[in-house]
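Worksheet: the structure to be examined is printed underneath.
What follows is calculated from the coordinates using simple rules that are stated; it is not laboratory data. The shown structure was predicted, so the numbers you read here are calculated from the model rather than taken from an experiment. No Cβ is skipped: glycine too gets one built from the backbone with ideal geometry, and neighbour counts run over all protein chains shown.
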Amino acid sequence: MTQKGKKEAALDVNNAMAQSEAFIIKYKKQLLIALAAVAVVVGGGLAYYFGYQQPREEKAQSLLTLGLPYLAQQDYDKALKGDGRFPGFTRLANDYSSTDAGNLANVYAGISYEKTGKIKEAIKYLEQFSPKSDHTISPAGIAALANCYASDKQVDKAVEAFKKAADKAANPALSPLYLLEAGKLLESQKKNDQALEVYQLIKKSYPTSTMATPQRLQNGTFANPEIDRYIERVSK
């Protein structure tokens with residue numbers, strides 16, 4: 001840059017600074033009001049979280065824990081409706097919908113309804129579940145919804161949900177299982193080309209999974225990977 005250009009650039013910077021200072025001086029009162037408003041909003045948000053949302057989250061979490069034994073015992077009626085201490089997963093999901101525990105209660109309510117054969121109700125609660133960033137519970141919730149779609153003859157939705165669960169899990173332990181279910185549903189629709197793509201995806205993307213590795217037999221030899229049987233079946 002020439003000496004003249006440098007001087008012009010310096011003048012531009014100085015002018016910009018002068019204009020900024022003039023703007024601040026001219027609108028000082030308005031700016032202070034705006035900053036005060038931002039402080040009120042931020043402060044109000046923190047007060048809402050620590051004064052209201054956090055205690056509700058803790059309460060919902062403690063209630064959720066009370067209901068888990070009913071799931072383990074397969075007492076789905078109490079899991080759904082509760083008892084004297086536990087309100088039931090349905091009420092927990094509705095009353096604490098803004099909390100993580102309330103969100104998770106949707107999954108447990110959906111599973112309980114599915115186990116009692118009430119598929120429509122199961123779908124309702126499982127669709128209300130908002131998946132998070134984890135690779136276990138959220139994929140399981142999506143897969144539970146996929147199972148309900150399949151039971152309700154909504155096969156296309158079931159396939160997409162199983163694929164979504166696989167993507168969400170993103171690991172060789174769970175993803176191949178969800179993809180396999182999607183592939184089998186596609187086979188049931190006579191969509192063998194699409195099923196083949198899913199099976200090949202398992203073999204390519206999850207080569208270390210149990211499904212994609214050779215299985216050692218009792219005599220010491222190795223059998224072809226399980227997924228090869230599915231690939232061969234839809235390739236005929």
Counting other C-beta atoms within 10 Å, which of GLU181, GLU57 has the fewest, and how do the rest follow?
-> GLU57, GLU181
For a footprinting-style exposure proxy, rank VAL234, VAL198 by other Cβ within 10 Å, fewest first.
-> VAL234, VAL198
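First measure r as the distance between the Cβ atoms of ALA223 and ARG85, then evaluate 1/(1 + (r/R0)^6) with R0 = 45 Å and state the FRET efficiency to the nearest 0.05.
That pair, ALA223 with ARG85, gives E of 0.30.
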If each residue's Cβ is checked for other Cβ atoms within 10 Å, how do THR210, THR221 rank with the fewest at the top?
-> THR221, THR210
Where the centre of each part is set by its Cα atoms, how far does region 201-236 sit from region 72-131, in angstrom?
-> 37 Å
Given R₀ = 25 Å, FRET efficiency for SER98-LYS184 by Cβ-Cβ distance, to 0.05?
-> 0.10
Report the local net charge at HIS135: Lys and Arg +1, Asp and Glu -1, summed over other residues whose C-beta lies under 15 Å from its C-beta.
-> +1
Hey, with R₀ at 45 Å, roughly what FRET efficiency would LEU71 and ASP193 work out to, going by the Cβ-Cβ distance, to 0.05?
-> 0.70
